[in-house]
1. Assuming V44 fulfils every condition listed in (1) within 17 Å of H5 (Cα to Cα); (2) more than 14 Å from the chain's Cα centre (by Cα); (3) among the β-branched types (V, I, T) apart from one, which condition is it?
2. Residue by residue through the range 15-45, note down the ones that are loosely packed, with under 15 Cβ neighbours inside 10 Å and either touching a residue at least 24 places away in the same chain (Cβ under 8 Å) or of a type in the set (S, T, Y) (or both).
3. If M86 passes every condition in (1) hydrophobic (A, V, I, L, M, F, W, C); (2) touching a helix residue (DSSP H, G or I) at 6+ places or on another chain (Cβ under 9 Å); (3) surrounded by 14 or more Cβ atoms within 10 Å (Cβ to Cβ) but one, which one does it miss?
4. With respect to A25, is the statement that it is in contact with a Leu (Cβ under 6 Å, 6 or more places away or on another chain), over 17 Å from H91 (Cα atoms) and hydrophobic (A, V, I, L, M, F, W, C) true?
5. Which of the strands (runs of 3 or more DSSP E) found entirely inside the range 26-101 contain at least 2 residues meeting this: of a type in the set (K, R)?
6. Go through the range 31-47 and report how many residues are touching a helix residue (DSSP H, G or I) at 6+ places or on another chain (Cβ under 6 Å) and either modelled with pLDDT under 95 or over 24 Å from R67 (Cα atoms) (or both).
Amino acid sequence: MIHEHAVLNIDVSRAEEFEAAFEEAAPLISASAGFQRMTVSRCVETPGRYLLLVAWESVAAHNEGFRGSPAYQQWRELLHQFYDPMPLVEHYEVVLEADPA
């Protein structure tokens, strides 16, 4: 499993609009081959900052699959207008997990 990680900075005055657009965009990504799950979290300390975490089967499922699809073009139209600056998107492999003892 690969985790896509992106910190999304937006104008705080557009937060409601951004969250509504993300709800509309969610089915576009969740229908992609290799998609496993997604969370979007709002930062408590910094208004207008969100953390996007997406679990993918592989980096290729994200970069070549989703980003190469017509659904990604719709995703971009819905969401990229909010980002300032455009986010750095990185992929991570899990090296350790812990559960409550």
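The values are calculated or read from the model by the stated rules, or taken from the named source; none is laboratory data. Not measured: the values here are computed from a predicted model. All Cβ positions, even for glycine, are placed from backbone atoms using ideal geometry, and neighbour counts span all protein chains on display.
1. For V44, the failing item is (1).
2. Matches in the range 15-45: E17, E24, S30, A31, A33, Q36, T39, S41, R42.
3. With respect to (1) hydrophobic (A, V, I, L, M, F, W, C); (2) touching a helix residue (DSSP H, G or I) at 6+ places or on another chain (Cβ under 9 Å); (3) surrounded by 14 or more Cβ atoms within 10 Å (Cβ to Cβ), M86 is out only on (3).
4. On the way: in contact with a Leu (Cβ under 6 Å, 6 or more places away or on another chain): yes; over 17 Å from H91 (Cα atoms): yes; hydrophobic (A, V, I, L, M, F, W, C): yes.
Against the criterion (in contact with a Leu (Cβ under 6 Å, 6 or more places away or on another chain), over 17 Å from H91 (Cα atoms) and hydrophobic (A, V, I, L, M, F, W, C)), A25 qualifies.
5. On the way: elements: 35-42, 49-56, 89-93.
It comes to 35-42.
6. Here the count works out to 1.
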